[in-house]
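Just so it is clear, none of the values below were taken in a lab; they were calculated from the coordinates. Worth saying up front: this structure is predicted, and the values here are computed from it rather than measured. With ideal geometry, Cβ positions are generated from the backbone for all residues, glycine too; neighbour counts draw on all protein chains shown.
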Amino acid sequence: MIPAKYLRSPEPSARRAMPGAASRRLDAVLRGPLRPARVLGVFPAVVYLVHEAGTVVAVCSTDAVRLPNSVVLATPRAAAPFSAVTNAGPAWLGAGRLRMGPLTVTVARWWTPRRPLPAHGTVALRAGLDVLEAAMVPTGLPPAAHADLDGLVRSATRGDLDETAHAASRLVGLGPGLTPSGDDVLAGFLLAHRHLTPPPHPRAGFASALGARVGRLAPGRTTALSAALLDHAARGDGCPQVIGLVDAVGGHASVASRLGELLPVGHTSGADLALGVVAATRAVLGAAAPPPAPCPDPPWRLVRCPARTASDAPLPPRYPHIP
């Protein structure tokens, strides 16, 4: 039963209807029954909604960053598609549409978030990591938190899930904003680690297990939007810009070019995501490094010489005429 306050329609002159393209990751919510939702935030290019079951949906203009949980309008930011939407207005989702005050978006088609291509191998990863580390810019992660990130990389390299989750817990919710820097770094790490360790890699499945641990920590420690994006990252989804960077590190494109596309995302989100990709690549390469080869036996047979004792006769002088 939907409360009557959600069913009241605005004045006909204020109504606005638009078609939208919805991510298939939202299939269950948007094809399900119409249910109340809450507006998390209204911005010129995007409105964030949260379904009563906890699913977060981003309704965005055609030129906004396309998150894996987006419904994309065929309208640019300049047209001010969300000018009449307010944080306090009624909202609901389901039955193939989204309602935010006077704005109704009907799902006209569906799209599938793209995932990275398989990496070309260890040599390509090392080369991509070298370029990425040389091109990195300052991030929003506090300097004191870099020790926690280093601990995350070391424990992930060893495959120690408990220690990695402990290090990750220190980053969850760290920083201001809708997506704190600590969360963005973790999202980049989870996404890259998952795609750079396909079976039969020894760390295949590690990112999924870590993402489950992080998912249990996130509620109450970070924003609803950031918790949702961490969950998407653990499942292998992210915005096209970070997907492109993972592709590039794996040898499919120019690292510098893809990093240039990612850095403008958010205030520091692009740089934070890139730092997470760096950390994941380091962990993957460390885990993939073969153990040192044992020293082979020499091709000749070793013969132990008998030890000389004090009772042995001294050697005669080579030149007896020299005193």
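Of note:
- Rounded to whole numbers, the Karplus 3J(HN,Hα) couplings from phi for the range 61-73 are 6, 5, 9, 8, 5, 8, 7, x, 10, 9, 10, 9, 8 Hz, using 6.51 cos²θ - 1.76 cosθ + 1.60 with θ = phi - 60°, and x at Gly and Pro.
- Measuring nothing but how far apart in sequence close Cα pairs (under 8 Å, 6+ apart) lie, relative to its length, the range 6-111 scores a relative contact order of 37 percent.
- Its convex hull of Cα atoms gives the range 124-170 a direction-averaged projected area, equal to a quarter of the hull surface, of 4.0 nm².
- Cα gyration tensor shape of the range 170-266, rounded if a/c is under 1.5, else prolate or oblate by comparing a/b with b/c: oblate
- Most to least packed among 266-279, 124-137 [average Cβ atoms within 10 Å]: 266-279, 124-137
- Shape category assigned to the range 110-216 from the gyration tensor of Cα positions, a/c cut at 1.5: rounded
- Global geometry of the range 6-111, whether rounded, prolate or oblate, following the gyration tensor of its Cα atoms and the 1.5 cut on a/c: rounded
- Per the Debye formula on identical point scatterers at the alpha carbon atoms of the range 122-288, with no solvent, log10 I(q)/I(0) at q = 0.09, 0.14, 0.16 Å⁻¹ is -0.24, -0.60, -0.80.
- Beta bridge orientation in the range 8-164: antiparallel %, DSSP, nearest 5: 70
- In a reduced charge model with +1 at each Lys and Arg Cβ and -1 at each Asp and Glu Cβ, the range 122-288 shows a dipole moment near 300 debye about its Cα centre.
- Scoring 106-117, 247-258 by mean Cβ neighbours within 10 Å over their residues and listing the highest first yields 247-258, 106-117.
- For the range 84-91, Karplus couplings with θ = phi - 60° (6.51, -1.76, 1.60), whole Hz, Gly/Pro x: 9, 8, 10, 5, 8, x, x, 8
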